[in-house]
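**Student:** Could you have a look at this structure, given as structure tokens, before my questions?
The values are calculated or read from the model by the stated rules, or taken from the named source; none is laboratory data. Bear in mind the structure is a predicted one, so any value in this text is a computation, not a measurement. A quick note on method: Cβ atoms are made from the backbone with ideal geometry, for glycine too, and the neighbour counts reach across all protein chains shown. The area values use the complete protein model at the heavy-atom level, side chains included, leaving out ligands, DNA and RNA. Shrake-Rupley method; radii C 1.70, N 1.55, O 1.52, S 1.80 Å.
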Amino acid sequence: GRGGSAGRAREMLAGALCCAALMPLRAPYHASSPLRPSSASGFRDCRSRVMLAAAGDGDQGARDAADGWTGGDRLFGLKSPADLVQNLLLQCAIQTQLSYYNEFKNEVRARWLESFLGHEHLKVERVSDHGGGRQVFKGVTGGLRCSWDEYLRTMLDGKPQTYEIRYKIGTADTASMLDKSALSRMRAAADAAGEAPPTWASAAASRALNPYLQKERQEEFRTFSETIVPATVARGLLAICSQIASEWELDLALIATDGATLAQACAVGEILCCTDAYADAAPPAKRKRLIPARALTDPTQPLPAALTDSFRAAVFQWSRDDGEEPSAFRATSFDLLQRAVTRQAVLETLFELTQEVKASQGGGDDRSADVRWLRGKMELWLPRLEKPARLSLSSLFLVELLTEQPAAAAIPAGGLRMTDPAGVAARVLARRKEVAAEWVHTLRVSADSRAGLLRSELQTKLVAMLVGGCAYGEVADEAAGEGEQGADGGAG
């Protein structure tokens, strides 16, 4: 009866309020209100300011970090240093969910998720008739148009949406098919090589001339409806976030130690940077230790073993893991994490050096030359780290820092100072190890923040149920309907 249901609903509401009391509840986000950057005025420590500077892109990001810029007006969605990790986590979860949708050829849900709050740039391209596809966006910053919690809170508060889909019968899945231009290029290449036409060419030409095979079929269409429950999609993303967070804890342990491996390899000459011509002329035995200039943009160029030690160790760990299947894009996710940790460590080191220069005020320990040197490196490498042309790009960046030779450089106070690339690189590697350890801790405590969003949703529904006078059974039916769409959970 309704009386018993109402009593049970009040008991559930009381329990939910007790749980919610354990965690402060934010005001719900309304889709009608614009997403605004969060104020950064409350941050004063070095790490927070560097995190804000990291929100910049390209050359401006390096200059801002070196000048101690706090960037509150340009910061979009990062309310604390931990939010960078959470944003990256949700960015990867969205792309993973899109990969699952592609694998099951659910184009409607994939398009809906891409367009939610304007995240079309996170789309995953289908490249075959099976599998999840290829990531389009691989950047460290700018993946989310808002903060991670605003994204999920808006999705949890969304209402179910029903779409009507009309498609033509006989429409082929062209993801793995060659287009006409590709076929033309293949024919042109065969003619240029003097090869004979394939055996099926004559049969295909005969069919093309057969009038009985050229009859036009009457076009037929089918229509069906698809209902998307945003809250169900959000729960699926949260489940994927939990899986990726556990994977990243293992990856960060490997990333924390690969800097020492690179430093040792550079010190003993196992890694050498050189020109393309020198690498091509080198004997095969020596070529294995060389990094030609083309390695930055050519993903097929092999790298010395020391640069890929951590990645190969990670792959070995994934293959021998007896637990659940790894998430989609496991390899590119590891590379993203490498680039993010390296980028953060270099920006923080650059900021610390800048503060030392300001504190010295032209004293004997003037690090202005090192600041200018590292700033120049970041102006060159920040765009590369945002749009990687290959895997292991952050390792190539670290090798460049480790193998740089000291040089005389002009300083603002006048005169010349010798740069200390080895000393700066050592500080970067030390800070990189600390950042990796801090991010492991952040991932472990981030589960409570994500669970808080679900507690908020439960409390909001129960309050609406009692205040609005809806029956407990209707809420239960809605929850059961959402649970039937388990495919949105992806790996969860």
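**Student:** Six or more apart or on different chains, Cβ under 6 Å: which pairs go from a residue in the stretch 395-409 that's closer than 15 Å to Arg343 by Cα to one that's among the small types (Gly, Ala, Ser)? Could you list them?
**Tutor:** Sorted first by the residue in the stretch 395-409, then by its partner, the pairs are Leu401/Ala425.
**Student:** Here's something else I'd like to know. Evaluate the following for Leu117: is it aliphatic (A, V, I, L, M) and assigned to a loop (DSSP other than H, G, I, E, B)? Full working, then the answer.
**Tutor:** On the way: aliphatic (A, V, I, L, M): yes; assigned to a loop (DSSP other than H, G, I, E, B): yes.
In short, yes.
**Student:** Mind listing just one residue for me: the one in the stretch 263-284 that is open to solvent by less than 60 Å² (accessible area, probe 1.4 Å) and touching a residue at least 24 places away in the same chain (Cβ under 8 Å) and, of those, nearest to the chain's Cα centre (by Cα)?
**Tutor:** The extreme case among them is Ala263.
**Student:** A further question on this structure: Hey, among the residues in the stretch 365-419 that are among the acidic types (Asp, Glu) and surrounded by 13 or more Cβ atoms within 10 Å (Cβ to Cβ), which one's nearest to Arg312 (Cα to Cα)? Step through it out loud before you land on a result.
**Tutor:** Initially, the stretch 365-419 is screened for residues among the acidic types (Asp, Glu), giving 365-366, 370, 379, 386, 400, 404.
Still in the list and also surrounded by 13 or more Cβ atoms within 10 Å (Cβ to Cβ): 366, 370, 379, 386, 400, 404.
On the way: Asp366: 41, Asp370: 33, Glu379: 30, Glu386: 23, Glu400: 21, Glu404: 26 Å.
Only one residue fits best here, namely Glu400.
**Student:** Looking for something at pLDDT 90 or above, of a type in the set (Phe, Trp, Tyr) and either more than 23 Å from the chain's Cα centre (by Cα) or outside any helix (DSSP H, G or I) (or both) - is there at least one such residue anywhere in the stretch 331-348?
**Tutor:** Checked the stretch 331-348: no residue is at pLDDT 90 or above, of a type in the set (Phe, Trp, Tyr) and either more than 23 Å from the chain's Cα centre (by Cα) or outside any helix (DSSP H, G or I) (or both).
**Student:** Still on this model: Is it fair to say Ser225 is assigned to a helix (DSSP H, G or I), open to solvent by 50 Å² or more (accessible area, probe 1.4 Å), at pLDDT 90 or above and closer than 30 Å to Pro160 by Cα?
**Tutor:** Details: assigned to a helix (DSSP H, G or I): no; open to solvent by 50 Å² or more (accessible area, probe 1.4 Å): yes; at pLDDT 90 or above: yes; closer than 30 Å to Pro160 by Cα: yes.
In short, no.
**Student:** Any residue at all in the stretch 285-300 that is open to solvent by 60 Å² or more (accessible area, probe 1.4 Å) and touching a residue at least 24 places away in the same chain (Cβ under 8 Å)?
**Tutor:** yes
**Student:** Then there is this: What number of residues within the stretch 331-364 are open to solvent by 10 Å² or more (accessible area, probe 1.4 Å), among the β-branched types (Val, Ile, Thr) and under 26 Å from Ala93 (Cβ atoms)?
**Tutor:** Number of matching residues: 1.
**Student:** Next question. What are the residues in the stretch 357-411 that are under 26 Å from Gly269 (Cβ atoms), among the charged types (D, E, K, R) and in a loop (DSSP other than H, G, I, E, B), if any?
**Tutor:** Of everything in the stretch 357-411, those that are under 26 Å from Gly269 (Cβ atoms), among the charged types (D, E, K, R) and in a loop (DSSP other than H, G, I, E, B) turn out to be Arg390, Glu404.
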